[in-house]
Each structure stands twice: as C-alpha cells, then as structure tokens.
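Structure first, commentary second.
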Amino acid sequence: MDFEYPEKIKKLQNRIQVFVDDYILPANQAWHDEVARGNYPLEIIERLKSKAFSEGLWNLFTPELEDHEPGLRLSNLEYAPLAEIMGRVPWCSEVFNCSAPDTGNMEILKKFGTAEQKKNLLEPLLLGEIRSVVGLTEPDVASSDLTNLETTIIREGDEYVINGRKWFTTGAKHPNNKFSIVFGVSNSNADADPHRRHSFILVPMDTSGVSVVRDVPIMHHHAPEGHCEVLYRNVRVPIKSMLGNEGDGFLIAQARLGPGRIHHCMRTIGQCELALELMCERALERKTYGKALAENANIQDWIAKSRIEIDRARLLVLKAAWYMDKDGPKAARIDVSAIKVTAAELQTNVVDRAMQVFGAAGITPDTPLSYLWTWGRALRFVDGPDEVHLRIIAREELKKAKIMTGQNTSHFIKPLLGN
C-alpha cells in the first residue's frame with residue numbers, strides 16, 4: 001500500500017499552490033472589500049478564471065470529460081489533495097471552475113442530459129461562462145428525507161408547471177447564475193413507489209414565476225453568491241426541460257450528492273490545516289505570564305490532537321475517493337457518510353481550538369477562523385444532517401450483524417463472553 005501521491009499530482013499541487021500564492025492571496029483583501037460593499041467580486045473572479053484556464057488548471061474535479069472538453073480528467077483520489085489546497089481560501093474553487101453547486105450539476109448533466117441540454121447548459125458550465133444552482137431543500141418539510149419534498153412538477157400538454165418554495169439555494173444571487181435544477185414531485189399518486197415519484201427539471205432563472213425571495217444568512221458565513229429562498233409560482237417550461245426521465249429524481253440525486261459531499265470534505269481538510277498553522281504561529285509568538293502559549297501543556301495537547309484528527313480525516317477522505325473511483329458513488333455511500341460526519345466534526349473541533357489560542361481576536365473578522373468555524377457548523381447540515389449519515393452507517397453495521405447471527409456464530413462468540 002503506497003501512501004505517497006503520484007508525481008503528476010505532486011506537480012499539480014505545486015502549480016496550484018504557486019497560483020494561490022501569486023494570484024489568489026494578493027486578491028483576497030480586494031475580494032472581501034467588494035463583498036463588504038454589497039457587490040459580487042465578479043471582475044476579480046473572471047480575471048483569475050481566465051488566468052487559471054490559460055494555465056490549464058481547470059475542471060480538475062471530474063474524470064468524465066470528452067477530448068474536446070476542457071479539464072484535466074482527474075479521478076476523485078487525484079483531485080483530493082488539490083481540493084485541499086483550494087479549500088484554504090473559501091472563494092478559491094470558483095477560479096478553477098471547481099465550485100459547488102456547478103460541479104455536481106455538471107456531473108449529472110454529463111450523465112443524464114440530452115444532447116441539447118449538454119450543448120446549451122453543460123458546455124457553457126464547463127467553460128465557466130455561466131453558473132447554476134440546484135433546488136432541493138424546502139422550508140416547510142423535513143428535507144433530510146427527500147420523499148417529503150412537496151414542490152410539484154406537473155405536466156400540462158407540452159409543458160411542465162412547477163410550484164414550490166426552496167431555500168438554501170446556494171448561488172442564486174450570483175450574477176452569472178442562469179438556471180436551476182429543481183427537484184420535485186412529478187407523480188401525484190401517493191400510493192406509488194416513494195422513490196419513483198420525484199424528478200429533476202431544468203428551469204432558466206429568468207423564467208416567469210421564478211423569484212429570489214431573500215438571501216438566508218448562515219451565522220457568520222459570508223456568501224455573496226447567496227444561500228437563497230427561491231419561489232417557483234406557476235413556472236412553465238417545455239417538456240424537453242426534464243432531466244432524465246420522470247421518476248428518476250432519486251437516481252440522479254444519488255449520482256450528484258456522493259461526489260459533492262466528498263468535495264466539501266476535501267476542502268475542509270485544507271481549512272483545518274490552515275487553522276492548525278495559525279494556531280501554532282499564535283502559540284509561538286503570544287506570551288502570557290512570562291512565557292509563550294506554546295509552552296502550556298494544554299495547548300500542546302490541542303495542537304497534537306488537531307494533527308492526529310486532520311490526518312485521520314484525510315485518510316478517510318482518500319479511502320472514500322478511492323472506493324468511489326473503483327466502484328462508483330453508490331458503492332461508496334457508507335464511506336462518504338463516514339467522512340461527511342467526520343469532516344464537520346473535525347472542522348468545528350480544530351478551528352475552535354485555534355480560536356481559543358487567538359483569544360478574543362479569534363471570534364472577530366481579523367482572522368478567518370470564526371468564518372471557518374461557522375462553515376464547519378453548517379456542514380453538519382449541508383448535503384444531509386449528521387443524523388441521517390449516522391443512520392446509514394448504523395444500518396449497514398446492523399445488516400452485517402444480522403448476517404452473522406444467521407450464520408450461528410455462537411461457537412466463537414460465547415467463549416469470548418466467558419461464563
């Protein structure tokens with residue numbers, strides 16, 4: 001078993017790190033200044049995107065590209081250490097055309113889109129000319145169970161009519177956002193298979209009846225692209241807007257959510273590495289009661305635990321990525337659930353320690369730590385709450401136990417229990 005990254009990936013790590021150092025970090029303050037003025041920093045992003053595209057650092061997240069489509073065709077395992085570097089600056093991924101929700105939308109358009117949908121929507125997404133959103137979560141139902149979702153997609157003649165309310169639609173405020181992939185009920189028969197009643201439909205954002213009601217702030221997490229509530233009221237689109245077939249919603253959702261979940265986790269590793277670096281620097285330079293913070297045993301413990309937890313999470317990410325590359329997202333669902341829970345816990349733990357070392361400064365915007373902590377807390381809900389993922393893992397373990405019980409394993413269990 002070889003734990004070293006291939007030479008190709010080491011070179012890409014170096015190229016991306018140099019790009020971040022030379023172009024992203026010098027633009028970081030200007031990006032935040034634009035956000036503070038209430039603007040999306042489009043000019044900064046587009047300039048850097050052009051530079052990344054010209055250097056071939058583009059669409060690193062997917063191996064499923066045609067020869068004529070721009071990108072490096074990396075596997076999930078190869079992409080992981082690169083996403084880690086991008087994650088250190090939260091807005092960085094868009095520069096390389098690797099940001100959510102576009103990555104997931106590109107993948108499902110690639111797998112399920114018609115030739116026309118690919119030409120009109122996928123191609124400009126792959127080129128970074130437009131952006132997109134996905135409409136899943138709803139405010140009126142427990143959306144961790146997708147069978148609860150109530151937005152309707154009803155066929156009337158040559159059109160589908162969409163009615164519903166979504167929220168946490170990330171990117172709805174982005175000036176280049178052109179369409180939404182909306183999940184809703186297309187089969188009104190309540191007795192039908194609950195996993196065959198829903199579909200995904202493509203809805204241009206300028207369609208009559210689509211309105212962005214509000215941006216929904218998430219704690220201290222600044223998202224100029226928005227996590228928005230979007231209303232669909234008697235929205236009419238042609239029947240060719242259906243993604244895949246009617247009733248394919250769950251199939252498509254699983255294809256989309258697996259890679260998307262693991263990408264978040266990859267970026268989390270990078271953010272936690274940044275937090276650990278800041279913690280160590282602060283501990284070495286800050287003095288209390290005549291000695292550096294780093295001399296205190298409890299802070300040394302925090303640093304050591306953070307290193308252990310980051311490395312442990314990275315190994316879980318790489319295992320899940322490897323499994324996904326080998327057997328597909330569905331086969332890797334247990335591993336993806338495991339890293340999804342682990343990554344959110346990791347980020348809140350490591351960043352919380354770093355904030356404590358920084359003292360009161362750690363909860364101000366003077367460092368990125370409070371921002372990173374709030375995003376870590378949000379990750380406990382993003383792409384499914386912890387409880388759902390824990391349930392998935394537990395069910396798998398219980399299934400194994402039932403199989404073992406059926407095999408009458410008492411001949412080796414009883415001796416372990418003693419008298």
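The values are calculated or read from the model by the stated rules, or taken from the named source; none is laboratory data. A quick note: this is a predicted structure, and the numbers were derived from the prediction, not measured. Cβ coordinates were reconstructed from backbone atoms using ideal geometry, including for glycine residues, and neighbour counts include every protein chain displayed.
Numbers below:
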quantity: Any pair with Cβ under 8 angstrom, 6 or more apart, that starts in segment 123-137 at a residue that is assigned to a loop (DSSP other than H, G, I, E, B) and ends at one that is among the basic types (Lys, Arg); calculated: 128/49; 130/178; 136/166; 137/166
quantity: Verdict on residue 179 being assigned by TED's automatic domain parsing to the domain that holds residue 138, in contact with a helix residue (DSSP H, G or I) (Cβ under 7 Å, 6 or more places away or on another chain) and not aliphatic (A, V, I, L, M); calculated: yes
quantity: Entirely in segment 314-406, the helices (runs of 4 or more DSSP H) that have 2 or more residues that are charged (D, E, K, R); calculated: 333-358, 386-406
quantity: Only listed residue being under 15 Å from the mean Cα position of the chain (by Cα), on the phi < 0 side of the Ramachandran plot, in contact (Cβ under 8 Å) with a residue 12 or more places away in the chain and not assigned by TED's automatic domain parsing to the domain that holds residue 327, chosen from 75, 93; calculated: 93
quantity: Leading residue by the ranking (nearest to residue 127 (Cα to Cα)) among those in segment 35-50 that are part of a helix (DSSP H, G or I) and either of a type in the set (Val, Ile, Thr) or without any contact (Cβ under 8 Å) to a residue 40 or more places away in the chain (or both); calculated: 50
quantity: Search result, residues across segment 190-218 that are in contact with a helix residue (DSSP H, G or I) (Cβ under 8 Å, 6 or more places away or on another chain) and over 22 Å from residue 239 (Cα atoms); calculated: 194, 218
quantity: Exclusive hit being within 29 Å of residue 318 (Cα to Cα) and of a type in the set (Lys, Arg), set 15, 37, 47; calculated: 15
quantity: Options 272, 280: the member that is buried (at least 21 other Cβ atoms within 10 Å of the Cβ), assigned to a helix (DSSP H, G or I) and within 30 Å of the chain's Cα centre (by Cα); calculated: 272
quantity: Test: residue in segment 248-266 that is without any contact (Cβ under 8 Å) to a residue 24 or more places away in the chain and either surrounded by fewer than 22 Cβ atoms within 10 Å (Cβ to Cβ) or in contact with a Phe, Trp or Tyr (Cβ under 9 Å, 6 or more places away or on another chain) (or both); calculated: yes
quantity: Residue identified as surrounded by 19 or more Cβ atoms within 10 Å (Cβ to Cβ) and among the acidic types (Asp, Glu) among 94, 4; calculated: 94
quantity: Among the candidates 399, 414, 340, residue that is among the basic types (Lys, Arg), at pLDDT 90 or above and surrounded by fewer than 12 Cβ atoms within 10 Å (Cβ to Cβ); calculated: 399
quantity: Residues being over 18 Å from residue 117 (Cβ atoms) and surrounded by fewer than 24 Cβ atoms within 10 Å (Cβ to Cβ) - total across segment 156-170; calculated: 9
quantity: Given (1) farther than 24 Å from residue 40 by Cα; (2) touching a Lys or Arg at 6+ places or on another chain (Cβ under 8 Å), index of the condition residue 224 fails; calculated: (1)
